Amino acid sequence: MSRRLDVDVAIIGGGLVGSSAALALRGLGFSVALLDKGFCGAQASGVNYGGVRRQGRPVEQLPLSQRAHAVWPRLKALIGIDGEFLRSGHLKLARNEADMASLEVYAAEVAEQGLDLELIGHNGLRERFGWIGDGVVGASFCAGDGHANPRLVSTGFAAAARRAGVEVLENTPVEGVTRDGEGFALEAAGNLTLRARFVINSAGAWAGPFAESFGEPVPLSRIYPSMVVTEPIEQMMSVNIGMEGGGIYARQVERGNIVVGGERALPLADPDFSRPRGDGALAIMNNAAALFPALRHAQAIRFWSGTEGAMPDKNPVIGPSGTTPGLIHAFGFTGAGFQIAPGVGEVLAELVRDGQTQTPIAAFSIGRFAGISARTDAGSGAGQNQEPQHSGELRP
Amino acid sequence: MKGQPLIVGAGPAGIRAAQALVAAGLRPLVVDEAPACGGQIYRQRLIPDGRSSRDLYGSEASKAEALHRDFAALDGRLDYWPQALLWNLRDGRADIMVEGTSRQVAYDGLVLATGATDRTLPVPGWTLPGVFTLGGAQIALKSQGCAIGSRIVFLGSGPLLYLVAWQYMKAGAKVAAVLDTAPFSAKFNLLRGLPLFPGIVLRGMRMTAELKLGGVALHYGVGDVRIEGASTVAAIAWRQDGLEHRLACDGIGYGLALRSETQAADLAGCRFAFNTRDRAALPERDAAGRTSVPGVYITGDGAGIAGADAAERAGERAALALLQDRGLPHDAARAATLEAELARIGRFRAVLEAAFPFPAHWMKDIADTTTLCRCEEVNAGEVRAAIANFGVHELNRLKAVSRVGMGRCQGRVCGAAAAELLAHETNRGIEAVGRLRSQAPLKPVPLTLALTAQQEAAE
């Protein structure tokens, strides 16, 4: 049985970027099909750490990040749920004077960006965050940052898009996309043929082949963050915690569980799936128990991981294709996509409607990789632990 | 030289597997959560208390004694870690918590004999103190020598229902009633089992008769069950033949047969398929116990519910398969005999399933206020709302948006109920809603768990 669908915009990939773009495009009156090879929000968008953080991002990401920052408090109105978004503040710890100096440098660098960072010394930390253990010399606090529940937010955006009239097609891998006359022809699983004037490639770790098929190979690799969650404990962790120079990051959810991330997981035989390594998880657990004395008697109840697209310069690819009119890329968020995704969705909708956006995205052009013969790397996962993490957090 | 095989579980299946491997000259490592071998069914007392094997295991005493004795006789020819928790498996390595630290074991051949736990469906009041699973009630009696109450009701379906009620009565406890969720007519199916295993069927009939003679009320076709009580169990109410019933009690043993413990097989990468008889996704296996992953074998109730007698045979059969796959001599005639016996037990299982059917239909009418996932404290109404609001129709997606199955037990307790409810709410067959993916740690582990430096178990 074959099926045909005609839409203004076809979006490949139902993660947070794709589904927020779909919702924004519906708001502008476009007809939209959102396709996912599995379930919307089931990959990196839904299984990430859940940090909603601007602090620590490279300065070129901050205008986009600020745009997203305005979306988060409006989630309830936008998608019907608040996604457990909590503007708790984000506290980035320094374990030594050198790390503290980097935090100071960063604070100066972004002083004009409106993050309102506050540098806190050792005594200040003791007074205000007494639940943090020894071995920390200072921190940088961003009161406007916070955290949210990715499982709810990512699925919630897709559900809201469906309610708004987006044709959400799950378990529908796109098998081929070609430029065809005025638009695109897409072949998808289940004998589905789509015609679309625009295509958004928001396929995350799976975006490479689509870009490459339009003559734009990118050095997209895969990373697999490692997460541990404890049983629920008494509320104690009032802020989202990060660490300068890498290490662990942690937050406490409404129910009381502490989510701790760090290290990297490894892919399974099917590289679309991954699971934390036992020793990696133990390292995260012990580091968390050392940093937060209240956790010394807690139990870890679950680990998880996910598959995330990563770029060598740690900036995403966002913007129009350099080769193909009507094609727009948005992928490769390198473990830092959750907070900015709702802003990216708005930007993508503007790119479709206007061909441009007021939000500066030049730094994310796919053109920066033109001429590089680098090919999409399916990724064995090997050696990825050596890769330095930008600002210490895989998934803000 | 080949490495050491790892056997997970020291119940009937694990013991017989170990015995067969040792007999062939291998030195397996056996890890087991319990302090002593025997599994749940042949669980040993914590301390000697004057009770005989006959007191503890009834008609199965000789089987229990043989297993305990045979395993003890392997001492020195295998490595045995009791009170050891397998909490992670990947890339041919097992992470095992034992004596307060975690050891990583590289294994060559993995025999999973992980057994089963009670299957339940939520009913109002099922989380009240005083409500035990049938298996839990049996452990209290066998291992700790205590009863779960002074006036006890046993509720559910399955052979264990009558066995545990009978064991309690024999131990001198006051059993107020046995509430069977299946109609009496379902028991006529047992007659079909007579030619296969007359001894078992007759023993069951005798137990039922003795319960009646002992003054225990037997009720059939029990539905709409509600467990009442403010802070602990005070009474149980139900409907039967259109009439309302109520009985005061302070302890309830409840179970709807058993469910396989398959999490380790999942982490080992085994492919699963839906099994209609068990109404659950089970690791695919051949008649010998080979899974879809070379070198990984699954046996006993963890491979699908078949009981202790089957487990003994399946454990030995899987060990023979491991030997064969390693190119070692193995007894092909013995393997064929075991497979024939297992097939016969499998036919009997179908009889039992018809005599003790699972009341899946209960989930259709579950009240919104009834707790479905007790770890995460999610009630049925919240699950229904999540299904509707997020438009999910797959179990892991339901978990993601509702927290069902996300807590300490990872869905062991509520997973079957969540699947039934999801199937009903989305008008799908139970086989179409998927299965909860397992994650390490398979059971909670301390955050301060340390990894021991040395690689254990290199032969």
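The values are calculated or read from the model by the stated rules, or taken from the named source; none is laboratory data. This one's a predicted model, so the numbers in the text were calculated from it and none came from an experiment. Note that we place each Cβ from the backbone using ideal geometry, even for glycine, and neighbour counts take in every protein chain shown. Ligands, DNA and RNA are excluded from the accessible area calculation, which covers all protein heavy atoms including side chains. Shrake-Rupley method; radii C 1.70, N 1.55, O 1.52, S 1.80 Å.
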Exception for A:V229 within (1) within 14 Å of chain B (Cβ to nearest Cβ); (2) open to solvent by 20 Å² or more (accessible area, probe 1.4 Å); (3) not in a helix (DSSP H, G or I) falls at (2)
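Give me a count of the residues in the stretch A:261-272 that are touching a helix residue (DSSP H, G or I) at 6+ places or on another chain (Cβ under 6 Å) and within 7 Å of chain B (Cβ to nearest Cβ). Write out each step before concluding.
Residues of the stretch A:261-272 touching a helix residue (DSSP H, G or I) at 6+ places or on another chain (Cβ under 6 Å): A:262-264.
Still in the running and within 7 Å of chain B (Cβ to nearest Cβ): none.
Total satisfying the criteria: 0.
Of the residues A:R222, A:R275, A:R179, A:R251, which is under 21 Å from B:L449 (Cα atoms) and away from chain B (no Cβ under 14 Å)? Don't jump to the end; show me each part of the working.
Values: A:R222 fails: under 21 Å from B:L449 (Cα atoms); A:R275 fails: away from chain B (no Cβ under 14 Å); A:R179 fails: under 21 Å from B:L449 (Cα atoms).
Answer to the check: A:R251.
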Condition first: of a type in the set (S, T, Y) and away from every other protein chain (no Cβ under 14 Å). Can you find one or more residues in the stretch A:144-157 that meet it?
no
Return yes when B:T101 is more than 14 Å from chain A (Cβ to nearest Cβ) and either aromatic (F, W, Y) or open to solvent by 20 Å² or more (accessible area, probe 1.4 Å) (or both) and no when it is not.
no
Those residues that are more than 14 Å from every other protein chain (Cβ to nearest Cβ) and aliphatic (A, V, I, L, M), I need them from the stretch B:237-274; list them, please.
B:A237, B:L243, B:L247, B:A248, B:I252, B:L256, B:A257, B:L258, B:A265, B:A273
Out of B:S157, B:S150, B:S143, sole residue that is on the phi < 0 side of the Ramachandran plot and open to solvent by 60 Å² or more (accessible area, probe 1.4 Å):
B:S150
Could you give every pair whose Cβ atoms fall below 9 Å, whose first residue belongs to the stretch A:291-303 and is in a strand (DSSP E or B), and whose second residue is among the acidic types (D, E), counting only separations of at least 6 or pairs across chains?
A:Q299/A:E231; A:A300/A:E231; A:I301/A:E231
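Out of A:T334, A:T323, report the one residue that is touching a Pro at 6+ places or on another chain (Cβ under 8 Å) and open to solvent by 10 Å² or more (accessible area, probe 1.4 Å). Spell out how you get there, then give the answer.
On the way: A:T323 fails: touching a Pro at 6+ places or on another chain (Cβ under 8 Å).
After ruling out the rest, the residue left standing is A:T334.
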Cβ-Cβ under 6 Å pairs, at least 6 apart or on other chains, the stretch B:363-386 side within 23 Å of A:I233 (Cα to Cα) and among the β-branched types (V, I, T), far side open to solvent by 50 Å² or more (accessible area, probe 1.4 Å) and at pLDDT 95 or above
B:T371/B:T127
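Restricting to the stretch A:278-303, count the residues that are among the polar types (S, T, N, Q) and either under 22 Å from A:F85 (Cα atoms) or at the interface with another protein chain (Cβ under 7 Å from one of its Cβ atoms) (or both). Walk me through it before giving the result.
Quick first cut of the stretch A:278-303, residues among the polar types (S, T, N, Q) only: A:286-287, A:299.
Then keep just the ones that are either under 22 Å from A:F85 (Cα atoms) or at the interface with another protein chain (Cβ under 7 Å from one of its Cβ atoms) (or both); that gives A:286, A:299.
Summing the residues that are among the polar types (S, T, N, Q) and either under 22 Å from A:F85 (Cα atoms) or at the interface with another protein chain (Cβ under 7 Å from one of its Cβ atoms) (or both) in the stretch A:278-303 gives 2.
Collect the residues in the stretch B:337-351 that are touching a helix residue (DSSP H, G or I) at 6+ places or on another chain (Cβ under 6 Å) and closer than 23 Å to B:Y162 by Cα, keeping them in residue-number order. Working first, answer last.
At the first step, the residues of the stretch B:337-351 found to be touching a helix residue (DSSP H, G or I) at 6+ places or on another chain (Cβ under 6 Å) are B:338, B:341-342, B:345, B:348, B:351.
Those that are touching a helix residue (DSSP H, G or I) at 6+ places or on another chain (Cβ under 6 Å) and closer than 23 Å to B:Y162 by Cα: B:I345, B:F348, B:V351.
From the list A:R126, A:R151, A:R162, A:R179, exactly one residue is assigned to a strand (DSSP E or B), of a type in the set (K, R) and either out of contact with any Phe, Trp or Tyr (no Cβ under 7 Å at 6 or more places or on another chain) or modelled with pLDDT of 95 or more (or both). Which is it?
Working: A:R126 fails: assigned to a strand (DSSP E or B); A:R151 fails: assigned to a strand (DSSP E or B); A:R162 fails: assigned to a strand (DSSP E or B).
None of the others qualify; the one that does is A:R179.
Residue-wise test of (1) among the aromatic types (F, W, Y); (2) at pLDDT below 95.
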site: B:R45; (1), (2): no, yes
site: B:Y57; (1), (2): yes, yes
site: B:A94; (1), (2): no, no
site: B:M97; (1), (2): no, no
site: B:G100; (1), (2): no, yes
site: B:D108; (1), (2): no, no
site: B:L112; (1), (2): no, no
site: B:P122; (1), (2): no, no
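Those residues that are acidic (D, E) and within 22 Å of the chain's Cα centre (by Cα), I need them from the stretch A:165-205; list them, please.
Start the filter on the stretch A:165-205 by keeping residues that are acidic (D, E), which leaves A:167, A:170, A:175, A:180, A:182, A:187.
Once the filter is applied, which keeps residues that are acidic (D, E) and within 22 Å of the chain's Cα centre (by Cα), the stretch A:165-205 yields only A:E170.
So that you can scan it fast, the table gives a plain yes or no per residue for (1) part of a helix (DSSP H, G or I); (2) touching a Leu at 6+ places or on another chain (Cβ under 7 Å):
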position	(1), (2)
A:P325	no, no
A:A330	no, yes
A:Q339	no, no
A:G343	yes, yes
A:R353	yes, yes
A:A363	yes, no
Look through B:E420, B:E394, B:E382 and report the one residue that is out of contact with any Phe, Trp or Tyr (no Cβ under 6 Å at 6 or more places or on another chain), under 21 Å from A:R255 (Cα atoms) and among the acidic types (D, E).
B:E382
